[in-house]
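Visitor: Here it is, the structure in full.
What follows draws every value from the coordinates through simple rules; no lab data is involved. It should be emphasised that the depicted structure is a prediction, and the values quoted were computed from it without experimental measurement. A quick note on method: Cβ atoms are made from the backbone with ideal geometry, for glycine too, and the neighbour counts reach across all protein chains shown.
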Amino acid sequence: MPFPAAPGRAELTGHLVRTRIAGDVATPRENNLSHYRKLANGDRHYWLGLELGDRWADEQDVLAVMAERCGVNDDPDYRAGGDTIDPELTVGALDRAAAELRKAAEERRRVLFATGHPGALLDMHGTLALAMRAAGCEIVRVPLGVIADEGVVVQFQGVSAYERGASLWHTHSPAPMAGVLDALEAAGEPQPDLVVADHGWAGCAAQRGLTAVGFADCNDPALFLAESEGTLSVAVPLDDHVVDPRFYEPMTAYLLDVAGLASPAPGAPGA
């Protein structure tokens, strides 16, 4: 099936709302607030590899950032029901992410792609990696045998993911990215110039001072806090696991188009 043509901004915004990538999303308000509270209380599972110290110990401060950068309901008394991601904020973040991709492509930099959501975002990252490689970038190959969290880091079409028990796992852990970056250093290879990832993969890279673009859901506040502090370059708000991964294809096409990168040809790997 041919990769979709890039939509315009208004068309993409409508698509995001229809598919619930943004707009009224499936993540419940109760889940969002629970995660904000746990992050504020110092639960490192929700820090996604970032060092937040005590700067976000007030849950209301976390909510304020999430309302500003993600578009969740800003009313602290709204405790139960649905929640939202502002599609305009999603598209604006995609524009900023595209600028990072364009710069890396123009300079033919080393780029590392990784996902903790292989059931939903693996193809999106793979398509971006394919386009960046075609533009002359070096897509970082992970050294063999990187072990983390009792599993191993594998790559598919240039995208790192976490495998355990012969299956790809959804993970928030920063340990796989830490293992990759440590293995590159041990092998005498340079660190990536740009990391495009999500979850702890993105948080760990940003914490280590690498330029990083992260995709994040409204119940994963750490990346948005990191963007607000300038640690993470871009946090793209979106529901990171909608019912069909193909729903992300128009968004991916838009991102490539704004970045000035060619979409994959029909039949190409990742298309």
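Visitor: Hey, how many Å between the Cα centroid of region 1-63 and the Cα centroid of region 108-128?
Guide: Centre-to-centre distance over Cα atoms comes out at 18 Å.
Visitor: When a/c reaches 1.5 or more, the comparison of a/b and b/c decides; with that in mind, is region 142-271 rounded, prolate or oblate per its Cα gyration tensor?
Guide: Working: a/c = 1.40, a/b = 1.19, b/c = 1.18.
Note, shape of region 142-271 comes out rounded.
Visitor: Oh, and also: Under the classification rounded if a/c is under 1.5, otherwise prolate if a/b is larger than b/c and oblate if not, where does region 40-181 fall, given a ≥ b ≥ c as square roots of the Cα gyration tensor eigenvalues? Before the final figure, lay out the partial values.
Guide: Values: a/c = 2.09, a/b = 1.40, b/c = 1.49.
Note, shape of region 40-181 comes out oblate.
Visitor: Continuing with this model, one more query. In whole Hz and in residue order, list the ³J(HN,Hα) couplings for region 139-148 that follow from phi through the Karplus curve 6.51 cos²θ - 1.76 cosθ + 1.60, θ = phi - 60°; x for Gly and Pro.
Guide: The phi angles translate into 8, 4, 9, 6, x, 5, x, 7, 9, 7 Hz.
Visitor: Further question: Taking every DSSP beta bridge with both residues inside the chain, roughly what % is antiparallel (nearest 5)?
Guide: Details: 12 of 27 bridges.
Beta bridges within the chain, antiparallel portion: roughly 45 percent.
Visitor: Please name which of W169, G126, G145 has its Cα lying farthest along the dipole of region 98-179 towards the positive end, using unit charges on Cβ (Lys, Arg +1; Asp, Glu -1) and the Cα centre as origin.
Guide: Ranked along the dipole, the leading option is G126.
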